[in-house]
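The values are calculated or read from the model by the stated rules, or taken from the named source; none is laboratory data. On a predicted model such as this, the values are computed, not experimentally measured, just so you know. Every residue, glycine among them, receives a Cβ derived from its backbone with ideal geometry; neighbour counts consider all protein chains shown. We work out accessible area using only protein heavy atoms, side chains counted, and drop any ligands, DNA or RNA first. Shrake-Rupley method; radii C 1.70, N 1.55, O 1.52, S 1.80 Å.
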Amino acid sequence: MCVFRLYYTKVQLGSPPREFYVQVDTGSDVLWIGCNSCNGCPQSSGLQIQLNLYDPGSSSTASLVSCSDQRCSAGLQSSDSGCSAQSNQCSYTFQYGDGSGTSGYYVADLLHINSILEGSVITNSTAPIMFGCSVLQTGDLTKSDRAVDGIFGFGQQSLSVISQLSSQGITPKVFSHCLKGSNSGGGILVFGEILEPNMVYTPLVPSQPHYNLDLRSISVGGQVLSINPSVFSTSNNQGTIVDSGTTLAYLADEAYDAFMSAVSLKLDHKFCFTNRAPYSFQRKSMLPYNLQYVNTLLSVNDIFPQVSLNFAGGASMTLNPQDYLVQQNSIGGSASWCIGFQKIQGQRITILGDLVLKDKIFVYDLVNQRIGWTNYDCSMSVNVSTNINTGRTEFVNAGQMSNDGSSRDQIRGMLALLLPIIMLTGLLFL
């Protein structure tokens, strides 16, 4: 039983605007909301939020998207849309990695956004977008404990909101997030580029449906693990994906075994001259390894090694112990932890989820087809580039957005779209 995190934000859609809570998911493309005719949509949420169903008939600016619409045709290429010959409605069916699914039809309506325009926050800005209206949900999406109104896909295909807004010249084709890792949660999501001098970048693997990176090697305690490079190569159902919709993180099968062995060896070497080691390995069913302290005087940084994920272009993502360990409830005064990396048996898929994305600025630069990151205190303000066909870069101090979307800091710049991020912290049963 480990702590999990769910990052979600609020969006406003329609006329008059209605508010919806949506999970932030870089592993999928489409924004969809549960609709008034939904079968399987939760009626309440354990997050203590009010769930709302979108009703196209109640919005004066809503319209259905037909099969002949150019946007629907574009979505067919990425399997983000389909077409019902009987109704002539553009539709969709999505299946997620946890086995849950949703299906529905597309509507076009207004997205209300917090924007920064020449020195002040403009809260009544709108942009026309196409999004999904869910009429069926299955699997975990039907459960009320972590229920939200929908999922905000931030993929790079044509039907993603970031692609739609950039094609209209409203935002640059880049977005950024900073997910706060403490139990209080929070963070910021920016339709624009967060600028920080210590950013490192690695190229996106071209022609992939997800944000695939070229992971070359893994180091534990400064030593590169002996893993065949083919384990990390990108092909069908293989490769390394950045996915904010995944709570923990997954390593390719062979890489996981080498990683766990290396961590265990580092611990054994560090405490080989003591009468008892301040940790113990336990296996719960198959995965993951569970680590429990018997010595409460040492921090995880004193015990566990630093880990480095090494990518193409010389970019490395350094993970301190708190970046790959997840704390459980205390047992008898001792801190209990589990390793957040897991493996998918028999597959060569590596997924970088919230476990490693938190407490870092991440920039998804789709124009230059690269992703960058740097360690950062996500409770602090950020500088944002809002260069939109101007030939120059403007800077804004976006500040830390509160849950009501207001900003505490004076803001200066051209145009950036801001969304506050909220975080649920709870228990994950493994």
So, in the range 8-19, of the ones that are in a strand (DSSP E or B) and buried (at least 21 other Cβ atoms within 10 Å of the Cβ), which residue ends up farthest from the chain's Cα centre (by Cα)?
LEU13
Could you please give the count of residues in the range 152-177 that are touching an Asp or Glu at 6+ places or on another chain (Cβ under 8 Å), of a type in the set (S, T, N, Q) and in a loop (DSSP other than H, G, I, E, B)?
4
When you check GLN48 against the structure, is it on the phi > 0 side of the Ramachandran plot, modelled with pLDDT under 95 and surrounded by fewer than 21 Cβ atoms within 10 Å (Cβ to Cβ), yes or no?
yes
Suppose we keep only residues that are in contact with a strand residue (DSSP E or B) (Cβ under 6 Å, 6 or more places away or on another chain) and either without any contact (Cβ under 8 Å) to a residue 24 or more places away in the chain or open to solvent by 40 Å² or more (accessible area, probe 1.4 Å) (or both) within the range 180-192. Which one would you say is farthest from PHE154 (Cα to Cα)?
ASN183
Residues that are open to solvent by less than 20 Å² (accessible area, probe 1.4 Å) and either aliphatic (A, V, I, L, M) or over 11 Å from TYR324 (Cα atoms) (or both): list the strands (runs of 3 or more DSSP E) wholly contained in the range 338-384 that include at least 1 such residues.
349-352, 360-365, 370-375
Residues in the range 63-70: is at least one among the hydroxyl-bearing types (Ser, Thr, Tyr), out of contact with any Phe, Trp or Tyr (no Cβ under 6 Å at 6 or more places or on another chain) and within 30 Å of ALA249 (Cβ to Cβ)?
no
Selection from the range 312-342 of residues under 19 Å from the mean Cα position of the chain (by Cα) and either modelled with pLDDT of 85 or more or aromatic (Phe, Trp, Tyr) (or both) yields MET317, THR318, LEU319, GLN322, ASP323, TYR324, LEU325, GLY340, PHE341, GLN342
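Looking at the range 20-28, is at least one residue polar (S, T, N, Q), without any contact (Cβ under 8 Å) to a residue 12 or more places away in the chain and either out of contact with any Cys (no Cβ under 6 Å at 6 or more places or on another chain) or open to solvent by 30 Å² or more (accessible area, probe 1.4 Å) (or both)?
no
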Taking SER84 as meeting all but one of (1) touching a Phe, Trp or Tyr at 6+ places or on another chain (Cβ under 7 Å); (2) modelled with pLDDT under 90; (3) among the polar types (S, T, N, Q), write down the number of the exception.
(1)
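Specify the residue that is farthest from ALA74 (Cα to Cα); the eligible residues are those in the range 131-179 that are among the polar types (S, T, N, Q) and surrounded by 24 or more Cβ atoms within 10 Å (Cβ to Cβ).
Here the answer is SER176.
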Answer yes or no as to whether GLY99 is in contact with a helix residue (DSSP H, G or I) (Cβ under 6 Å, 6 or more places away or on another chain), in the same structural domain as LYS143 (by the TED database) and touching a residue at least 12 places away in the same chain (Cβ under 8 Å).
yes
